[in-house]
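Report on one structure; see the data block that follows.
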Amino acid sequence: MLDIPKLRTDGLRECQIIAISNLEKSFKDNRPRALIQMATGSGKTYTAITFIYRLLKFADAKKVLFLVDTRNLGEQAEQEFKNYTPNDDNRKFTELYNVQRLRSSYITSDSQVCISTIQRLYSILKGEELDEINEEENPAERGWQPKEPLPVVYNEKVPIEEFDFVVVDECHRSIYNLWQQVLDYFDAFLIGLTATPDKRTFAFFNENVVSEYSHEDAVADGVNVGYDVYTIETEITKNGSKINAQEFVDKREKLTRKKRWEQLDEDFTYTSKNLDRDVVSLNQIRRVIRTFKEKLPEIFPGRKEVPKTLIFAKNDSHADDIINIVREEFGEGNAFCKKK
């Protein structure tokens, strides 16, 4: 690390240059934990892949773990590694280094980058199999949580020196309490990525903040644009609803989305908190999307095109429902609305 070449800045934003340069200085100072705070949309993952590339090429790093808390984030990260081309080489990252996204308990010996959910890594350390459905939502959003941390013991198949560096994506969400011991297990440098750190985040990373780039900074730099909140509420989102006994409903498996008809034996009442998790109302989603479409001239007067819009989903299945309905309501193809 002390002899790492100077960062080539071609194609990098100023905020990314600062984050990488300060992080490498933190490594040189032998500080075991570092936090990168960058606004959503300013290129956190690109920044992470850039410094991972430099660690592998110049700092003799053998293996890096990129840790996420949902399968969807893991798939996105994998795609970004595949698309990344460094500014000092014409080859793709995955042509230079092996990238493995963990889908089982097997960690290949020749992979330089491993992408995993924290749930799967925990199951690997415990020597247990993991159902993919447990990777659908981040652990912090689960209604039930054990009172005591889940114990992690030494696993000779995955020794504590397995990874030289561990990058924790969205580190403000799920690295505390139940899952912190998964990170504490490894003898590695820890790098956190987040747009919204809280007091616990700063404490976990020993207040070693190597980059502070807020949404306001990103707007001022023209990287992001400002936003207004336009609220669309439905009766179901406010108060929930009831499905009467003897009605036929679709029962859908979360992972495969396979459907089957089933008749209810008794009334089923649900609240707004159950919506889009335990109960899916496609008409409610359609009503919100249709209202958004109808109100576009009011929200964006004088604009003919639909502006770039972020729709936050509660889980992967909810995102798929939203995407299908957006495409239908706007009469557009696959490129119009995508899952990120």
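Can you find a residue that is more than 27 Å from K339 (Cα to Cα), hydrophobic (A, V, I, L, M, F, W, C) and either in contact with a helix residue (DSSP H, G or I) (Cβ under 7 Å, 6 or more places away or on another chain) or open to solvent by 30 Å² or more (accessible area, probe 1.4 Å) (or both) anywhere in region 56-63? So far as region 56-63 goes, yes, one or more of its residues are more than 27 Å from K339 (Cα to Cα), hydrophobic (A, V, I, L, M, F, W, C) and either in contact with a helix residue (DSSP H, G or I) (Cβ under 7 Å, 6 or more places away or on another chain) or open to solvent by 30 Å² or more (accessible area, probe 1.4 Å) (or both).
Summed over region 285-323, residues that are open to solvent by 20 Å² or more (accessible area, probe 1.4 Å) and farther than 27 Å from G74 by Cα total 20.
Of all residues in region 286-340, count the ones that are farther than 20 Å from Y227 by Cα and either outside any loop (DSSP other than H, G, I, E, B) or in contact with a Leu (Cβ under 6 Å, 6 or more places away or on another chain) (or both).
The total comes to 21.
Within the bounds of region 53-71, is there any residue that is in a helix (DSSP H, G or I) and of a type in the set (A, V, I, L, M)? Checked against the condition, which is being in a helix (DSSP H, G or I) and of a type in the set (A, V, I, L, M), region 53-71 yields at least one hit.
In region 24-46, the residue that is nearest to T94 (Cα to Cα) out of those that are touching a residue at least 40 places away in the same chain (Cβ under 8 Å) and in a helix (DSSP H, G or I) is T45.
The set of residues in region 84-129 that are open to solvent by less than 60 Å² (accessible area, probe 1.4 Å) and either of a type in the set (K, R) or assigned to a helix (DSSP H, G or I) (or both) comprises F93, T94, L96, R101, I118, Q119, R120, L121, Y122, S123, I124, L125.
Of the residues V99, V64, which single one is without any contact (Cβ under 8 Å) to a residue 40 or more places away in the chain, of a type in the set (V, I, T) and within 22 Å of V158 (Cβ to Cβ)?
Result: V99 is the single residue among V99, V64 that is without any contact (Cβ under 8 Å) to a residue 40 or more places away in the chain, of a type in the set (V, I, T) and within 22 Å of V158 (Cβ to Cβ).
Within region 169-220, restricting attention to residues that are β-branched (V, I, T) and modelled with pLDDT under 95, the residue that is most open to solvent (accessible area, probe 1.4 Å) is T196. Could you tell me which of the residues T9, T45 is under 30 Å from I133 (Cβ atoms) and either open to solvent by 10 Å² or more (accessible area, probe 1.4 Å) or within 18 Å of the chain's Cα centre (by Cα) (or both)? Every option except T45 fails the conditions. Scanning region 1-23 for residues that are closer than 18 Å to K92 by Cα and acidic (D, E) turns up just one, D10. For region 288-305, the set of residues classified as touching a residue at least 12 places away in the same chain (Cβ under 8 Å) and in contact with a helix residue (DSSP H, G or I) (Cβ under 9 Å, 6 or more places away or on another chain) consists of V288, I289, R290, F292, K293, I299, listed by residue number.
The values are calculated or read from the model by the stated rules, or taken from the named source; none is laboratory data. Because the structure is predicted, anything quoted here is derived from the model rather than measured. Counting neighbours? That spans all protein chains shown, and the Cβs are built from the backbone with ideal geometry, glycine included. What goes into the accessible areas is simple: the full protein's heavy atoms, side chains included, and nothing from ligands, DNA or RNA. Shrake-Rupley method; radii C 1.70, N 1.55, O 1.52, S 1.80 Å.
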